[in-house]
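Got a structure for you, questions after.
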Amino acid sequence: PYQELDGFPSLLGQLKIREAGEALEHIFRGLGESDFPSFYLRSVLTEVLTTIITDMNQQNIRFGAYNSTYFEALYYIRSFPYQEKSKEIRESLTTLLTVFEEELAGVTIQSGQIQEFMEAHFTSSEFSIAMLANRFHISIAYMSYLCKKYFHENFSDHLWNMRMERAKDLLRNTDASVEDICTAVGYENVSSFRRKFKKELGLTPSQYRSGEGG
């Protein structure tokens, strides 16, 4: 399994988890067909396990997501000949890669992906952080964290600013009523919209449209 063992760390480093899984299957196959001494097999498996855990740590994958599987794999590798516990070792290492892939999906959500989804839905009065979190299959708490990280403001403020910019554009460039504009940007309560608009700019929507205050 020399070639696969050399390629495995590179694939993980490039976050090609599925390809790394295929390389791991080749490693298992090679070990099963070999007559290598036990200490060598243990060394190979320990290197594979260490590579996976190191890359997970580098990607800030939470330890709680995989600690039990890690300790299980370590126990089997250290305590038994590979031939005796090959099935359990194989399942443990494969499970680690599965957890890596699933957790990575949450960690690597990009700001552009979030913004793109918000751009497509922010004018809906039903749009919420729960809808956004559900789209990316993560918790509301984690989505809230990502919004603050990427946009330097919480979700509700970022959503309001997007709606505000759209409202200002509609006030400047259309003859639509304030009520219609309020609905068009996802607000159901016109009075609330007017109050928030004035608090933000110091002008009512009508005053902003007429150009008061410069």
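Taking +1 at the Cβ of each Lys and Arg and -1 at the Cβ of each Asp and Glu, which of N60, F127, T50 sits farthest along the dipole of the range 48-161 towards its positive end, judged by Cα position relative to the Cα centre?
It is T50.
At 1.4 Å probe size, what's the solvent-accessible area of D35? Round to the nearest 10 Å².
Its accessible surface works out to 140 Å², give or take rounding.
Using a Förster distance of 41 Å, how high is the FRET efficiency between S156 and E25, based on the Cβ-Cβ distance and rounded to 0.05? Before the final figure, lay out each step's value.
Working: r = 47 Å, r/R0 = 1.14.
Calculated transfer efficiency: 0.30.
Computing the accessible area with a 1.4 Å probe over protein heavy atoms, can you report the carbon and sulfur percentage for the chain? Show your work: numbers first, answer last.
Numbers: 5670 of 12090 Å².
Here it works out to 47 percent.
Which aspartates and glutamates does K196 reach when only Cα atoms under 20 Å apart count, and residues fewer than 8 places away in its own chain are ignored?
Filter leaves E126, E153, D157, E165, D169, E179, D180, E188, E212.
Given the whole protein assembly as supplied and a 1.4 Å probe, what does the accessible area of H158 come to in Å², nearest 10?
Approximately 20 Å² for this residue.
Just how many % of Cα pairs in the range 24-92 lie over 15 Å apart, if you round to the nearest whole percent? If you can, show how the numbers build up before the last one.
On the way: 1207 of 2346 pairs.
Beyond 15 Å sits 51 percent of the P(r) for the range 24-92.
Same structure, new question: So which aspartates and glutamates pass the test for K16, namely a Cα distance under 15 Å, with those fewer than 8 places away in the same chain ruled out?
Cα-Cα hits under 15 Å: E4, D6, E25, D55, E101, E102, E103.
As an exercise, use a Förster radius of 41 Å and the Cβ-Cβ distance of T123 and K16 to find the FRET efficiency, rounded to the nearest 0.05.
Working: r = 38 Å, r/R0 = 0.92.
So the FRET efficiency works out to roughly 0.60.
Between T98 and T46, what's the calculated FRET efficiency when r is the beta-carbon distance and R0 is 22 Å? Round to 0.05. Please list the in-between numbers first.
Details: r = 20 Å, r/R0 = 0.91.
Efficiency at R0 = 22 Å is approximately 0.65.
With a length cut of 20 Å (Cα positions projected on each helix's long axis) and a Kyte-Doolittle mean of at least 0.0, go through the chain and give me the DSSP H helices that pass. Write down the numbers at each step before the final one.
On the way: long enough: 17-33 (24 Å, -0.26); 38-58 (30 Å, 0.44); 82-107 (36 Å, -0.37); 155-173 (27 Å, -1.05).
Length and hydropathy pass: 38-58.
Which cross-chain or sequence-distant (5 or more) residues have an amide H under 5 Å from the amide H of L15, H modelled 1.01 Å from N in plane?
Those lying under 5 Å, H to H, from L15: there are none.
Keeping every protein chain present and rolling a 1.4 Å probe, give me the accessible area per residue for the range 172-214 in Å². Write down the numbers at each step before the final one.
Values: 2830 Å² over 43 residues.
Each residue of the range 172-214 exposes 66 Å² on average to a 1.4 Å probe.
The values are calculated or read from the model by the stated rules, or taken from the named source; none is laboratory data. What you see is a predicted model; the values in this text were computed from it and never measured. Positions of Cβ are backbone-derived with ideal geometry, glycine not excepted, and every protein chain shown enters the neighbour counts. Accessible surface areas use protein heavy atoms only, side chains included; no ligands, DNA or RNA. Shrake-Rupley method; radii C 1.70, N 1.55, O 1.52, S 1.80 Å.
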